[in-house]
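Accompanying notes for the structure given below.
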Amino acid sequence: MGPERGLEQSGTLERGLAVLEHVGRHQEISTNAIARQLGLSRSAAYRIVGTLKNLEYLEADQVTGRVRLGTRLVELGARAMAATDLHRCAPRYLASLAERSGETTYLAVPDNDTMVYVATERSASAVTLACRLGTRRPQHATSLGKAWLAALPEADRLERVRRMKLDSLTLKTIIDPHRLLDELAKTSRRGWAVDEVENEPDVGCVAAAVRDHSGRPIAAISIAGPAPRVLRRLDELGASVAGTAAALSLRLGYVRSRPA
């Protein structure tokens, strides 16, 4: 009797994870074998396997009925790998962009309706900005957030903006949902977003979305600095940040399809 025999008294989540790990080790296995080897009752094993199949964490062979890991787990694994690659690869892209722009660069990832700053690089001539790593800023008021939102499918973008609380942070913050949607459509066409003193007084930013292998936006990169200095170079810096985001996306496996 192995150490896994205590699972029958364990919580649902623990038993479900144990089943997933067991299936992963065996590649394909019957539900009866799962019950026997993990010390679960047949009814509990079939209930857990059934739930995991419905959620696409497991799938069954149509002939043998044996189960294997499903497409949902493959998707989650790919996302985890992309996130790991993102944090490992991004610093050199940020450093190069900071050196070329002469400003501060940031990498941020989405969390609900905010962007969380997770990496930064400064050029020798950059002005020190107040934003620290771990800081959260609302998506509607930042170039990082607008770049990420603009990279979403249009229906997802519309749904998110409709439920967002559009607080005003400066006199320039866009708080009208129709104006914001128009700005996001423009950003999508152009390939980069702009923050014209919408998040912090006297600070201007440009940003572009970073995509994973599937094309899903998973982060955004920005160039930030004193508004007069950044906003008079919008076209130059916008093209630069878009090029850097595209290069990092390519490194993460994203290849943009070309029209036929």
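Worth pointing out:
- Subset of the stretch 175-209 that is more than 21 Å from V116 (Cβ to Cβ) and among the aliphatic types (A, V, I, L, M) - its residue that is surrounded by the fewest Cβ atoms within 10 Å (Cβ to Cβ): A185
- Residue list for the stretch 220-241, filter: in a helix (DSSP H, G or I) and open to solvent by 30 Å² or more (accessible area, probe 1.4 Å): P228, R229, L231, L234, D235, E236, A239
- Residue list for the stretch 221-239, filter: in contact with a strand residue (DSSP E or B) (Cβ under 7 Å, 6 or more places away or on another chain) and under 27 Å from H87 (Cβ atoms): I221, S222, I223, A224, G225, V230, L237, G238
- Of the residues contained in the stretch 107-126, one or more are found to be of a type in the set (G, A, S), surrounded by fewer than 16 Cβ atoms within 10 Å (Cβ to Cβ) and either modelled with pLDDT of 80 or more or closer than 22 Å to R229 by Cβ (or both).
- Some residue of the stretch 67-75 being among the polar types (S, T, N, Q) and at pLDDT below 85: yes
- Qualifying position, being in contact (Cβ under 8 Å) with a residue 24 or more places away in the chain and touching a Pro at 6+ places or on another chain (Cβ under 8 Å), among D212, D202, D195: D202
- Restricting the stretch 242-252 to residues that are hydrophobic (A, V, I, L, M, F, W, C) and in a helix (DSSP H, G or I), the residue that is surrounded by the most Cβ atoms within 10 Å (Cβ to Cβ) is A245.
- Residue in the stretch 170-186 that is modelled with pLDDT of 95 or more and of a type in the set (G, A, S) present: yes
The values are calculated or read from the model by the stated rules, or taken from the named source; none is laboratory data. A quick note: this is a predicted structure, and the numbers were derived from the prediction, not measured. Because the Cβ atoms are built from the backbone with ideal geometry, glycine has one as well, and the counts that use them run over all protein chains shown. Keep in mind that these areas ignore ligands, DNA and RNA; they rest on the heavy atoms of the full protein, side chains included. Shrake-Rupley method; radii C 1.70, N 1.55, O 1.52, S 1.80 Å.
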